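The values are calculated or read from the model by the stated rules, or taken from the named source; none is laboratory data. Model, not experiment: these values are computed from the prediction. When we count neighbours, we look across all protein chains shown, and the Cβ atoms used for this are built from the backbone with ideal geometry, even at glycine.
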Amino acid sequence: MPGLPNPVFQRILTLLMPKGITLGRRHIGELSWLVGGQLGTLLLSLLTIKIITSVGPDDYGLFVLATSVSGLFLSGFFGPLEQGFVRKYFEYIFDPGTRYKYLGTITNILGYSIGILAVILVVAAVVAGSVTGLDARFLIPAAFLILTAVPSAPLAGMLNAMRLRKEVAIAQIGEKMMTLVLLAGLLMFNAVRIPEVMICIAVSGAIWFAVRYTLYHRAVDSPISRARDAVTAGQKREMIGRISSYSLPFVAWGLVAWMQINGERWVIGGMLTTADVGRYGLASTLINSSVVVAVSVVGQYLTPIIFEKFSSSEPTSRSLAFSVVRRAAILTFAMFCALGVALLLVGDVLIHLISTTDFILEPELLFLLSVGWGMFYSGQMMTNVGLGLQQPNIYILPKIITSILSVAGYILGCLLAGIYGLVVSLALVNTLYLVWILLVNRTLRSSDTQPGS
């Protein structure tokens, strides 16, 4: 990617990669596209937030709650699908025949899943309208937003697993750019309202889902593969069974993780005001649009390498994989701490730049929130050990317990000290989560029998 200094990426890769993993031009090129894509996405996201927050904290709070429902479907279904698709891909990658059969089976699963999601959303919109009294002018755009947002995750995950970094970056930037242009149109006509905002985001999501689907098919389809690799019913059942058995623990995992990541917004909405949800949601979005984006660069780049090493029969490959995961987790926590210090010093200025003074929170709260999420995402990075060893269910107990504790902590903290008490509870529970994951990984590594691990 023009203008991105390869020596910088060489240095980053050297820090992340232990001795034994060779760095080449392909690695640097892939990281260049990942970083460029995420930096472009970050800038466009901040501009998008600036427009959306012009509706004020109350309406923005409703938007935050609507998008958190999107996160529920992503965490509880399409996220697990992505995990299964990507992990099992590395079992079929070395045989061209089964590889193409597997890649074709994925599109069938995704199509059925989107149909099921559409039915669920229709039913949910009808129920929500009758129970809560929410206007159809809000519910229909919200359902459309969810339907077009979450199915892209498995496709993006597979494009990344196939190491099509340039295509992933272009799709990320293109979607954000289109969303920004549509929202700018609303701004020109003084029509920035939450239903219209959700429609703009949904239209962009639908178009770029189609683009990702086209890129995926272009990467896996050829006359030779279609003629040679017709999938039998038995093979399809076998592949679906393997994906399902691996993905199933992630359903429980995703649902409880959603409680931990998004539950605080609903607690604030139930115990305080939607304006408080808006202010807290913007602070969380600022973190997600900066450090979480950087963490996703690390994760997107390293996940295929980690899984490939765990799947390899080479004597020292697992030891290398363990080392990469550990270094990535340390880097993740360091980035969150750096952001926390920045927010402590100039947090009010940054929030004012991307919104208005109505959204400003105390710098100390922003610092604590950053460090608390740093604990959580460092733990998430460390779970790549169990995922690589195909033992995701080993993390279900710590995830369930800490998610229950987090919701209880959110409620108690909110009762005692409002948003500040909630953030203190978040930091404490996420610290417990990280420590628990580290202990589980120690047990995994001590039981791993591969030489050199």
Residues of region 185-213 classified as out of contact with any Ser or Thr (no Cβ under 7 Å at 6 or more places or on another chain) and not hydrophobic (A, V, I, L, M, F, W, C), total
6
Candidates L134, L139, filtered to the one that is closer than 16 Å to C200 by Cα, out of contact with any strand residue (DSSP E or B) (no Cβ under 9 Å at 6 or more places or on another chain) and without any contact (Cβ under 8 Å) to a residue 24 or more places away in the chain:
L139
Residues (part of a helix (DSSP H, G or I) and either at pLDDT 90 or above or exposed (fewer than 15 other Cβ atoms within 10 Å of the Cβ) (or both)) located in region 217-237:
H217, R218, A219, P223, I224, R226, A227, R228, A233, G234, R237
Enumerated helices (runs of 4 or more DSSP H) restricted to region 263-364, each holding at least 3 residues that are touching an Asp or Glu at 6+ places or on another chain (Cβ under 9 Å) and crowded, with 18+ Cβ neighbours inside 10 Å:
274-288, 317-354
In region 419-453, what residues are exposed (fewer than 15 other Cβ atoms within 10 Å of the Cβ), small (G, A, S) and either in a loop (DSSP other than H, G, I, E, B) or at pLDDT 90 or above (or both)?
G452
Please count how many residues of region 158-186 are crowded, with 21+ Cβ neighbours inside 10 Å, under 16 Å from L145 (Cβ atoms) and either in contact with an Asp or Glu (Cβ under 7 Å, 6 or more places away or on another chain) or of a type in the set (S, T, N, Q) (or both).
1
If we scan region 137-144, do we find a residue that is of a type outside the set (A, V, I, L, M), closer than 19 Å to G76 by Cα and touching a helix residue (DSSP H, G or I) at 6+ places or on another chain (Cβ under 8 Å)?
yes
Run down A66, A142, A124 and say which single residue is modelled with pLDDT of 90 or more, surrounded by fewer than 18 Cβ atoms within 10 Å (Cβ to Cβ) and part of a helix (DSSP H, G or I).
A124
Given the criteria in a helix (DSSP H, G or I), closer than 17 Å to L365 by Cα and in contact (Cβ under 8 Å) with a residue 60 or more places away in the chain, does L387 qualify?
no
Across (1) in contact with a helix residue (DSSP H, G or I) (Cβ under 8 Å, 6 or more places away or on another chain); (2) surrounded by fewer than 17 Cβ atoms within 10 Å (Cβ to Cβ); (3) of a type in the set (F, W, Y), F189 clears everything bar (1)
